[in-house]
Structure formats: C-alpha cells, structure tokens
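Only one structure is covered here, and it is reproduced in the block below.
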Amino acid sequence: MVDITNDDIGESNRLALWEMMLKLRLVEKKAYDLFLQNLIKGTSHLALGQEAIAGAFGVSLQEGDYTFCTYRGHAHTLARGSSIEGVLGELMGRQCGLMKGKGGSMHLTDVDKGVMGSYAIIGAHLTIANGTALASKYNKTKEVSVCFFGDGTTNIGAFHEALNMAQIWKLPIVFVCENNLYMEYTPIGDVTAVENPAADRASAYNMEKIIVDGNDADEMYRTAQSAIKKARDGDGPSLIEAKTYRHSGHSRADPGKYRPDEEVKDWMENKDPITNYRKRLLEFNIDEKIISEIEDKVKQQVEDATEISKASPIPDVKEIFTDVWADGGYKWHN
Amino acid sequence: MAQLTYRESVSLSIAQAMRKDPKVFFIGEDVGAAGGVFKATVGLLDEFGKDRVMDTPISEQAILGAAMGAAMAGLRPIAEIMFSDFLAVCWDIIANQIAKTRYMSDGQINIPLVIRTANGGGSKFGAQHSQSLENWSMMIPGLKVVAPSSPGDVLGLMNSAVNDPDPVIFYEHKSLYASKEELESTELSIPLGQANILHEGSDITIIGLALMAQRAKKAALELKEKHNINAKVLDLRTLVPLDLQSIKSAINETGLAMTVEENPRLCGWGAEISSLITEHCFSNLKGPVTRLTTPHVPLPSADILEDNTIPSVDVIVKEVIKKVKGE
C-alpha cells in the first residue's frame with residue numbers, strides 16, 4: 001500500500017516519470033513492429049519491461065551528466081532526451097539516425113545529450129565510465145557519470161576492476177545493475193556464486209549493498225536521486241542492483257522459451273512497471289484525463305518519428321570512408 | 001647540447017607535455033612513487049603531484065578504460081601498460097573500444113590519448129615479457145602506431161603523439177632504454193608518418209623499426225667498411241600513419257629491399273610493407289623482397305636461445321651480402 005498522505009515525489013515528477021516510461025515502452029514496441037516489417041535489419045535487444053530503471057535516471061540526471069549503457073540501450077538513450085527519430089533512424093540505417101547508420105542498434109551515441117555510447121562487449125563500459133567520472137574529478141566539476149549494465153556483467157573481470165578503481169579514487173559515478181534474472185539465455189543464479197549478483201559483491205569494494213525493485217518507478221526514482229546526489233556531493237560511487245525482467249527474449253533471434261510460462265506471466269501481468277504505475281498515479285488522485293493526454297501525446301510522437309525515419313534517405317556510400325580519424329578521413333599512408 | 005638516454009627522453013617528453021597542457025595527465029602501474037619499473041618516469045610525481053601522476057592497481061582494463069573515458073571528456077591522458085605483452089589483457093578496450101568509438105559514433109567522440117608500453121626482446125625475460133607487438137595494433141583501423149629508435153625520436157614523436165587528436169600506441173623498446181644521444185635541442189617535434197634515413201646507400205634498402213632499425217644501421221656501417229656494400233637504412237618510426245612515399249623512393253633508388261622485424265614471421269608488419277613494395281615498385285625491383293623476422297616461435301629465454309631468435313647485426317650483414325651478391 002502506498003501512503004498518499006506522505007508524498008515525497010510529487011505530481012509533476014510522477015507525470016514526468018509516466019511520460020518517460022511510456023516513451024521508452026512505445027518506442028521499443030515500435031522497434032519490434034519495424035523488425036517484423038523488415039525495416040530494421042541486424043540484431044536488436046529490447047528493454048521492454050525494464051523502463052522504470054532508465055526512466056528514473058532519465059528524469060533525475062542533469063544536462064552535462066554522462067551516461068553509458070549496453071547494447072540493450074535504446075531506452076537509456078531516449079531517457080536522456082535523444083530524439084525518437086534519431087534512435088529509430090539509426091536502427092533502420094537512415095541518415096536521420098544518431099550516427100547515420102555507422103553504429104547501429106548496439107552503439108547508440110548522442111554526445112550532446114550526454115549519451116557517451118552503448119557498449120556491446122560486456123563490462124568494458126564500466127571502466128570507460130570511470131574515465132568521464134575521473135575527468136569531472138580532475139576538472140573539479142560536478143557532472144555525475146551513470147553506467148547501466150546487466151546481471152551477466154557481474155561475472156566478468158572488468159566489472160571488478162572498475163568497481164575497485166571507482167572506490168579507491170572516490171569517483172562521482174553510479175553503477176546500475178539491471179538484474180533481469182537471465183544472463184542472455186541462462187538463469188543468472190545458475191552461474192553466479194552469490195544470490196544477488198551485484199549487491200552481494202558490493203562489500204568487496206567497500207560499497208553499500210543496495211537492492212531495489214527495478215519495476216517500481218517510485219522506488220527507482222528515490223534510489224536514483226540519492227545515488228546521484230551522493231556522487232555529485234563528492235561522496236563517491238554507488239552500486240545499485242535493480243531487480244527486473246525483460247518481456248521479450250535476449251535479442252531478436254531469441255523467443256525466450258527457456259523461461260517458465262508461469263514466471264513470464266507473473267512478471268507481465270502483475271509486475272509490469274507501466275501498468276502498475278498507471279494505477280499508482282490514480283491512487284495519488286492524479287486526473288485520469290491528464291494521464292490519457294500524455295498517452296496520446298507520446299503515441300503521436302512515436303508515430304511522427306516513425307514517419308520521419310521511414311522518409312529519411314539511406315546514407316551515402318561515401319560514409320564508409322569517414323571519421324576513422326579526427327581529420328574526418330580514413331587514410332593510413334601518404 | 002645535451003646527452004640524453006632513451007629512458008630519460010621518455011620522462012622528459014611526458015614532463016614537457018604536462019608542463020604545456022594542464023589537460024595532460026599520466027596513469028599506470030608503479031609509474032609515480034616507483035618511477036616506473038624501467039625507471040623511465042622518474043621525477044614526474046615530484047613535479048606534478050598525485051592528481052596528475054596516478055599510480056593504479058594491476059587492472060589494465062580499468063587503466064585504459066579510465067584513460068579512454070577521460071579522453072572522451074576532453075582530457076589528454078598518457079597511460080602506461082608496463083609490458084606490451086599485457087596489452088593482451090586489455091585488448092578489448094584497445095581494439096574494440098578506443099579504436100572504433102570515433103567511427104561508430106559518426107565522429108561525435110574524439111579519443112586523444114597515448115598508450116605507452118615497453119616492447120621487445122633482448123632482456124631474456126621469456127615469451128610473455130619480450131614480444132614485439134606493433135603488428136597487433138597496426139591491423140586495427142583507428143589506431144596510430146609509433147615505435148621510436150632513439151632518444152631524440154622519443155622526444156619528437158611523443159610530442160606529436162600527445163598532441164595528436166587520435167589514439168596512439170607508443171612502443172618503447174626495452175633494449176634501447178639505456179641508449180644515448182647528443183641532442184642540440186630537447187624541444188623536438190617529429191610528425192607521425194615521417195620515416196627517417198639512418199644510413200645512406202644505393203645497393204639495397206633495409207627497412208626497420210626501433211631496435212631493428214638500430215641494428216640495421218650497425219649492419220650498414222659494417223657492410224660499408226668490410227664488404228663494400230652500400231645499404232640504405234630506413235627507420236619507419238611509425239607504422240600508422242605509414243610513410244609510403246619514403247619507402248617508394250628508397251626502393252626505386254636501390255631496387256632491393258629487406259625488412260628486419262622482431263616479430264614472428266606470420267603477419268609481421270614487414271608482410272604489409274613487402275606487399276606495398278610489390279604493388280608500387282614492381283618494375284624497379286631487382287629481386288624479391290626479403291623479410292628477416294624471428295622464426296615463428298614464442299621467444300625463448302636463455303641467452304643463446306633468445307640471441308639466436310631475434311635478428312642480430314651479424315645475421316643482417318650475412319643476409320644482405322647474400323642478397324646483394326645474388327647468392
């Protein structure tokens with residue numbers, strides 16, 4: 001039960017969370033539709049069901065803050081304010097894409113929005129996120145770096161190297177483990193020595209053990225706010241483990257058949273962050289008309305962006321030869 | 001005039017960069033308080049303090065990841081990987097992340113950083129602390145590859161590497177750290193992609209890098225004195241960018257070419273050079289390009305084994321005589 005007499009979040013923040021999560025949900029659904037229409041090629045890793053995590057950080061971060069995410073990063077990119085056509089256009093390999101088709105679904109990058117890249121090799125970006133955090137400390141500026149990753153990442157060496165370094169240097173960084181219970185196709189518990197793959201490792205790096213319901217947008221919001229504040233105040237890194245569940249398989253190629261039907265049903269029907277948050281908004285006496293207007297607005301935004309992406313030209317073949325080097329070219333000899 | 005060792009040039013070149021630009025910092029294992037395991041970074045901590053000279057844990061991925069992220073945020077890191085062999089434990093950060101992020105981001109992200117590393121044999125350290133790995137990085141689009149052969153070149157090339165807007169791997173040769181050079185000035189700048197003729201000659205061109213360039217020069221002196229053979233020695237200095245024009249003009253003049261490489265045979269850097277020579281200088285060639293490399297074996301440790309694995313001055317002299325005399 002929620003206590004509506006003691007509202008620490010407030011209507012405007014709740015509506016911002018609502019709009020953000022809806023955007024992430026509807027764009028991912030649109031991406032899935034566009035796959036089925038063969039307008040998106042390659043692979044894609046959807047974050048359907050995990051929207052509260054990226055969403056809560058998205059509404060909590062400031063301009064100038066840095067975020068790093070994984071190949072399951074469409075939502076995290078959108079959460080920083082990147083345009084929908086920039087994301088869908090990149091997935092479709094169009095000129096309007098964030099990187100004009102040179103990166104693709106797994107490498108969404110939008111530096112102007114603080115999206116410092118989506119990383120497709122497990123663990124690498126934890127070490128790189130330390131670098132932007134180190135730069136903030138070096139320059140004595142107040143940006144916060146946030147690094148999102150999955151439960152599978154907690155078993156690779158770079159995770160441990162990065163946490164240790166972040167702590168010894170007291171870096172302004174928040175590590176966010178989205179534990180969706182499956183390391184690609186394998187239950188994370190089958191391949192991990194501890195019950196909570198991130199949180200149970202926190203003590204090894206002198207960090208607090210933080211576990212949060214990653215499907216409860218309010219809880220995620222509170223957790224994000226406090227970890228970001230800690231980093232911005234110069235009090236060092238945090239490691240958050242957010243429990244969640246992906247609605248679809250690991251990637252486009254995976255129907256997710258290895259998961260028990262009952263488990264999937266429970267998460268889809270009882271623990272969906274968006275369905276539950278709509279109920280929460282009503283419990284806080286927010287006018288249903290406002291809720292619906294936001295729904296209609298976001299739906300329209302996604303449809304408009306889809307049309308822009310479809311109409312956008314494919315990249316010029318000359319793009320192949322650009323931007324290997326800072327001079328814009330690719331020449332390796334005189 | 002100043003006499004400097006290669007190792008002193010390393011620390012001086014870093015200090016020069018850090019004095020000029022407050023965005024430059026230096027990070028690595030045992031680099032600060034200890035002054036580096038090869039004593040190539042002595043004095044930097046005292047001059048610049050802990051905020052700019054950072055000792056790290058043994059975490060090569062975290063070192064290069066932090067350097068990459070800092071570069072993405074506008075700083076200009078110099079990171080040390082103690083032995084080039086250890087590049088293997090952070091190769092993802094180099095080959096997948098540092099090299100490709102500019103391209104994949106459509107040029108949104110610049111990564112101006114220098115990775116310094118002690119490379120090469122001669123110290124009898126065995127197969128995991130002695131490799132010459134320039135060719136590993138040469139084959140990855142997005143990486144610049146530098147391997148200086150002298151104290152002056154260390155100064156001049158480091159200056160260019162630190163100021164370059166792209167990632168540079170800077171291979172320092174362990175067996176050259178003690179070598180000395182008289183320098184008229186220590187304020188040097190050598191553009192990346194400019195080869196250097198270490199010895200003039202018209203009978204054959206010997207192409208080398210780092211220690212092998214210096215051995216080729218010694219061989220050329222001996223060939224001239226004792227065998228009346230005039231060998232031109234071309235020190236490439238950098239593999240990427242590559243000074244193809246200097247290679248072409250040298251080969252077109254001499255008609256014979258030999259590469260001297262410290263790496264095992266397969267896919268060594270000389271294979272690419274040989275291919276380019278064939279492609280661009282075929283009509284001027286008097287014979288096939290010869291590649292001197294180590295045999296295709298890991299580097300052994302014992303004196304006699306290592307000495308007979310890496311191309312020596314004697315071997316270069318012998319092979320050049322065979323080639324020039326058509327034997």
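The values are calculated or read from the model by the stated rules, or taken from the named source; none is laboratory data. Small disclaimer: the values here were computed from a predicted structure and weren't measured. Positions of Cβ are backbone-derived with ideal geometry, glycine not excepted, and every protein chain shown enters the neighbour counts.
The table below gives the values:
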| quantity | calculated |
| --- | --- |
| Leading residue by the ranking (nearest to A:T192 (Cα to Cα)) among those in segment A:128-154 that are of a type outside the set (V, I, T) and surrounded by fewer than 24 Cβ atoms within 10 Å (Cβ to Cβ) | A:G152 |
| Members of segment B:57-69 that are more than 7 Å from every other protein chain (Cβ to nearest Cβ) and either crowded, with 24+ Cβ neighbours inside 10 Å or within 29 Å of A:V111 (Cα to Cα) (or both) | B:E60, B:I63, B:L64 |
| Top-ranked residue in segment A:268-301 [being more than 27 Å from A:D8 (Cα to Cα) and touching a helix residue (DSSP H, G or I) at 6+ places or on another chain (Cβ under 7 Å); ranked as surrounded by the most Cβ atoms within 10 Å (Cβ to Cβ)] | A:Q301 |
| Single residue of A:D235, A:D254, A:D327, A:D304 found to be surrounded by fewer than 17 Cβ atoms within 10 Å (Cβ to Cβ) and modelled with pLDDT under 95 | A:D254 |
| Subset of segment B:11-23 [charged (D, E, K, R) and part of a helix (DSSP H, G or I)] | B:R19, B:K20 |
| Residues (assigned to a helix (DSSP H, G or I), among the charged types (D, E, K, R) and crowded, with 22+ Cβ neighbours inside 10 Å) located in segment A:165-219 | A:R201 |
| Pairs with Cβ under 7 Å, 6+ apart, first in segment A:30-49 and in contact (Cβ under 8 Å) with a residue 40 or more places away in the chain, second among the acidic types (D, E) and buried (at least 18 other Cβ atoms within 10 Å of the Cβ) | A:L46/A:E28; A:A47/A:E28; A:L48/A:E28; A:G49/A:D272 |
| Residues of segment A:90-108 satisfying the condition of being of a type in the set (A, V, I, L, M) and more than 7 Å from chain B (Cβ to nearest Cβ) | A:L91, A:M92, A:L98, A:M106, A:L108 |
| Selection count, segment B:41-54, where residues are more than 10 Å from every other protein chain (Cβ to nearest Cβ) and surrounded by fewer than 16 Cβ atoms within 10 Å (Cβ to Cβ) | 5 |
| All positions within segment A:110-124 that are crowded, with 24+ Cβ neighbours inside 10 Å and closer than 17 Å to B:Q108 by Cα | A:D110, A:V115, A:M116, A:G117, A:S118, A:Y119 |
| Qualifying positions in segment B:186-198 - surrounded by fewer than 20 Cβ atoms within 10 Å (Cβ to Cβ), more than 14 Å from chain A (Cβ to nearest Cβ), touching a residue at least 40 places away in the same chain (Cβ under 8 Å) and in a loop (DSSP other than H, G, I, E, B) | B:T186, B:E187 |
| Residue check for A:I84: at the interface with chain B (Cβ under 10 Å from one of its Cβ atoms), closer than 23 Å to A:E28 by Cβ, surrounded by fewer than 24 Cβ atoms within 10 Å (Cβ to Cβ) and under 17 Å from the mean Cα position of the chain (by Cα) | no |
| Single residue of B:V89, B:V24 found to be touching a residue at least 60 places away in the same chain (Cβ under 8 Å), of a type in the set (A, V, I, L, M, F, W, C) and within 14 Å of another protein chain (Cβ to nearest Cβ) | B:V24 |
| Residue, farthest from A:R72 (Cα to Cα), within segment A:114-139, restricted to residues that are β-branched (V, I, T) and in a helix (DSSP H, G or I) | A:T132 |
| Subset tally (residues that are under 24 Å from the mean Cα position of the chain (by Cα) and charged (D, E, K, R)) for segment B:272-299 | 2 |
| In segment A:109-143, the residues that are over 17 Å from the mean Cα position of the chain (by Cα), more than 7 Å from chain B (Cβ to nearest Cβ) and of a type in the set (V, I, T) | A:T141 |
| Candidates B:E306, B:E279 - the one that is closer than 19 Å to B:Q131 by Cβ and not in a loop (DSSP other than H, G, I, E, B) | B:E306 |
| Residue within segment B:290-311 that is free of Cβ contacts under 8 Å to residues at least 60 places away in the same chain, touching a Gly at 6+ places or on another chain (Cβ under 7 Å) and either on the phi > 0 side of the Ramachandran plot or surrounded by fewer than 23 Cβ atoms within 10 Å (Cβ to Cβ) (or both) present | yes |
| Exclusive hit being in contact (Cβ under 8 Å) with a residue 12 or more places away in the chain and crowded, with 18+ Cβ neighbours inside 10 Å, set B:M72, B:M104, B:M1 | B:M72 |
| Subset tally (residues that are surrounded by fewer than 24 Cβ atoms within 10 Å (Cβ to Cβ) and aliphatic (A, V, I, L, M)) for segment A:100-109 | 1 |
| For B:L143: the one exception among (1) free of Cβ contacts under 8 Å to residues at least 40 places away in the same chain; (2) of a type in the set (A, V, I, L, M); (3) out of contact with any Leu (no Cβ under 6 Å at 6 or more places or on another chain) | (1) |
| Residue within segment A:171-185 that is in contact with a Phe, Trp or Tyr (Cβ under 6 Å, 6 or more places away or on another chain) and under 28 Å from B:P22 (Cα atoms) present | no |
| Which numbered condition A:A52 fails, given (1) touching a strand residue (DSSP E or B) at 6+ places or on another chain (Cβ under 6 Å); (2) of a type outside the set (S, T, Y); (3) not in a loop (DSSP other than H, G, I, E, B) | (1) |
